[in-house]
There are 2 protein chains.
Amino acid sequence: MRLIKNLKFDEKGLIPAIVQDAGTGEVLMLGYMNEEALRRALSSGEVWFYSRSRQELWHKGETSGNRIIVRELWQDCDSDTILVRGKATGPVCHTGNKTCFFQPLTKEDLEAGQGE
Amino acid sequence: MRLIKNLKFDEKGLIPAIVQDAGTGEVLMLGYMNEEALRRALSSGEVWFYSRSRQELWHKGETSGNRIIVRELWQDCDSDTILVRGKATGPVCHTGNKTCFFQPLTKEDLEAGQGE
């Protein structure tokens with residue numbers, strides 16, 4: 001079976017997938033899909049990942065109920081990254097935040113790090 | 001020297017960095033930073049990556065002239081992904097497209113792939 005559209009999965013069989021809110025444009029999270037997760041996302045219209053920590057397929061929201069409905073999927077120019085544009089049914093982050101990117105990283109962090 | 005804000009670099013010393021247009025919200029590309037690239041991005045205010053193919057530090061735009069000016073940097077909840085919100089001085093993609101994500105991935109691609 002041919003890999004979907006010649007997508008490049010890494011040596012662990014994974015490809016990073018950026019999830020963006022299709023309405024607001026906010027970047028919500030980065031997950032990893034294996035080929036089966038991508039097939040399920042394409043066929044079901046909901047986001048599936050491969051959990052690297054649990055080493056299993058992960059239907060996003062299966063526990064929290066906060067699923068992500070796929071609006072559009074895109075692959076990048078060299079076919080090694082996926083962009084999901086979708087709508088989440090609740091907060092995407094396990095912390096309860098809408099997005100996983102809620103912690104700023106500044107020059108001060110750099111300076112603090114170098115002194116130690 | 002402490003890792004910047006306890007960021008988690010992978011076994012190759014890299015961390016994925018999503019680049020988003022700070023004005024339009026468009027997702028432009030995914031690159032990889034090592035610690036030095038991140039330090040340079042934080043201190044210079046321009047995006048630096050680590051090129052996995054060339055295995056060297058890569059000042060984005062050093063060849064094309066299309067640099068990315070950092071507006072904000074964010075780390076995700078589990079500190080293994082970075083989000084750069086910035087402004088590119090020209091097309092980010094080596095193909096000349098504004099974004100690297102210009103190829104849609106649809107259910108039809110899945111069906112076409114399975115028949116082969």
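The values are calculated or read from the model by the stated rules, or taken from the named source; none is laboratory data. Note that the structure is predicted; figures quoted are calculated from it, not measured. With ideal geometry, Cβ positions are generated from the backbone for all residues, glycine too; neighbour counts draw on all protein chains shown.
Of the residues in region B:35-44, none is in a loop (DSSP other than H, G, I, E, B) and modelled with pLDDT of 95 or more. In region B:25-54, the residues that are within 9 Å of another protein chain (Cβ to nearest Cβ) reach residues that are part of a helix (DSSP H, G or I) and buried (at least 20 other Cβ atoms within 10 Å of the Cβ) with C-beta atoms within less than 7 angstrom, at least six apart or across chains, in these pairs: B:Leu38/B:Ile4.
For region B:7-20, the set of residues classified as more than 9 Å from chain A (Cβ to nearest Cβ) and either closer than 26 Å to A:Glu108 by Cβ or in a helix (DSSP H, G or I) (or both) consists of B:Lys8, B:Phe9, B:Asp10, B:Gly13, B:Leu14, B:Ile15, B:Ala17, B:Val19, listed by residue number. In the condition set (1) at the interface with another protein chain (Cβ under 10 Å from one of its Cβ atoms); (2) in contact with a Leu (Cβ under 9 Å, 6 or more places away or on another chain); (3) modelled with pLDDT of 95 or more, A:Ala88 is compliant with all but (1).
Please tell me if B:Cys93 is closer than 28 Å to A:Gly45 by Cβ, more than 15 Å from the chain's Cα centre (by Cα), assigned to a loop (DSSP other than H, G, I, E, B) and within 7 Å of another protein chain (Cβ to nearest Cβ). In short, no.
Selection of region A:55-72 for residues being touching a Pro at 6+ places or on another chain (Cβ under 9 Å) and within 13 Å of another protein chain (Cβ to nearest Cβ) yields only A:Glu72.
Note on region A:73-85: residues that are among the polar types (S, T, N, Q) and either closer than 15 Å to B:Gln20 by Cα or within 7 Å of another protein chain (Cβ to nearest Cβ) (or both) total 2. Taken over region B:42-56, the residue count meeting the criterion of being within 26 Å of B:Phe102 (Cα to Cα) and crowded, with 19+ Cβ neighbours inside 10 Å is 4.
Please find, within region B:57-84, the residue that is surrounded by the fewest Cβ atoms within 10 Å (Cβ to Cβ) out of those that are in contact (Cβ under 8 Å) with a residue 60 or more places away in the chain and outside any strand (DSSP E or B).
B:Asp78
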